[in-house]
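All remarks here apply to the structure that follows.
What follows draws every value from the coordinates through simple rules; no lab data is involved. Values in this document were obtained by computation on a predicted structure and should not be read as measured data. Quick reminder, even Gly has a Cβ in these numbers, built from the backbone with ideal geometry, and neighbours come from all protein chains shown.
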Amino acid sequence: MNSLHFDRHRRLRQTANLRAMVRETHLHVEDLIYPIFVVEGKETKQEVRSMPGVYQLSLDHLNDEIAEVVELGIKSVIVFGVPAEKDEVGSQAYCEHGIVQQAIRQIKAHYPELVVIADTCLCEYTSHGHCGVIENEQVVNDPSLELLVKTAVSQAKAGADIIAPSNMMDGFVAAIRQGLDEAGFTHVPIMSYAVKYASAFYGPFRDAADSAPQFGDRKTYQMDPANRLEAFREAESDVREGADFLMVKPALAYLDIIRDMKNHFHLPIVAYNVSGEYSMVKAAAQNGWINEKEIVMEMLIGMKRAGADLILTYFAKDVARWLNE
Ligand code: PBG
């Protein structure tokens, strides 16, 4: 009869239930980490100009925000601080009463089970906006490490469950691991922003965190987007130095790197779906050009498929709602 032989892939796509049965990748609410910006000073809830739906919150508004996050089933938040005062050496990053330390204490007092991640960097706290110490207009590595260790230890003292260093200084995992251990925090894991590219996708974040560099750029410490082998070198040293999670950042334009990291390392891989990736979707959705929900779910499932175990995303609350529908 029919002499034509070919595969019938469509057999497994006939109904929604059948498609659900053969689906290879899943997104769960447990995969999500929600970023929060806490601003020091008087009562405020200010929407970030370039990030609709994302707010700078004073401590007064923090509990309501966390209540919503917990109610949605999200297990983890990462806290970024916007201090009232900045200086050359970012002292508010490691001040015992710094805004992030206060926020962490407050969250843990009310929601002890929520996993609170502290972003460990200096750029939000330095007057020049760089992630380390400046000498002769250069970001110097080793003096920066000392301040990063102080920052991490103060965050752990405040109750942070995970320390997430994002500064891209060499040796930051080794230094922070040693500092945490010496201060009695051997049990606190390090989520290393191991593979962090110098990316234009961070633009809106720098509005949210008020952390744009005041001169130059971050290309002497963040990676060149053209490089792949360098990602292995970065991740290898962080694994050797004691990292517990490896992060790739940004996510969308770096799905190949996420896959590489998943294939070669045996730590949980975190994808950071960064601010620019968020704002592009929001802007197009506000223009009615795309279906926001479908686009976001497709982006996030793409990151999971690429190998991400966890996704840090400004869409976390929306996604949790959609998953619960
Ligand atoms: C800080 C830091 C940055 C982001 C998180 N922590 C960016 C930067 O280098 O300015 C960006 C996150 C985002 O764009 O969502 N060192």
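Give me the percent of DSSP beta bridges within the chain that run antiparallel, rounded to the nearest 5. Please report the intermediate quantities before stating the final value.
Numbers: 7 of 40 bridges.
Roughly 20 percent of the DSSP beta bridges within the chain come out antiparallel.
A dipole drawn for the stretch 25-324 from +1 and -1 charges on Cβ atoms has a positive end, and of Pro112, His128, Ala231 the residue lying farthest that way is Ala231. Residue-wise HN-Hα couplings along the stretch 188-195, as the Karplus relation 6.51 cos²θ - 1.76 cosθ + 1.60 with θ = phi - 60° gives them from phi, are 8, x, 10, 9, 7, 6, 5, 10 Hz; Gly and Pro carry x.
Each label was represented as a point 7 Å from its Cα along the Cα-to-Cβ direction; for Thr15 and Asn263 these points are 3.8 nm apart.
With the convex hull constructed from alpha-carbon coordinates only, the stretch 66-152 shows a mean projected area of 5.9 nm² over all directions. Quick test of the membrane-span-like rule: which DSSP H helices of the chain reach at least 24 Å along their long axis (C-alpha atoms) with mean Kyte hydropathy at least -0.5? The qualifying helices are 141-158.
Taking amide H as placed 1.01 Å from N in the peptide plane, Thr120 has its amide H under 5 Å from the amide H of Ala164, Ser166, each at least 5 places away in sequence or on another chain. Placing dummy labels 7 Å off each Cα toward the beta-carbon, the span from Asn63 to Glu135 is 4.6 nm.
To the nearest 20 debye, what charge dipole does the chain have about its Cα centre, counting +1 at the Cβ of each Lys and Arg and -1 at the Cβ of each Asp and Glu? Before the final figure, lay out each step's value.
Numbers: 32 positive and 46 negative charges, 300 e Å.
Dipole of the chain, to the nearest 20 debye: 1440 debye.
Extending 7 Å from the Cα toward the beta-carbon at both Leu323 and Leu4 defines two label points whose distance is 4.3 nm. Taking amide H atoms as placed 1.01 Å from N in the peptide plane, the amide H of Ile78 lies under 5 Å from those of Tyr34, Ile36, Ile117, each 5 or more residues away in sequence or on another chain. The separation of the stretch 224-283 from the stretch 133-176, counted between C-alpha centres, amounts to 19 Å. Since only Ser91, Ala158, Pro52 are under comparison, the one whose Cα sits farthest along the positive direction of the charge dipole of the stretch 25-324, derived from C-beta charges on Lys, Arg, Asp and Glu, is Pro52.
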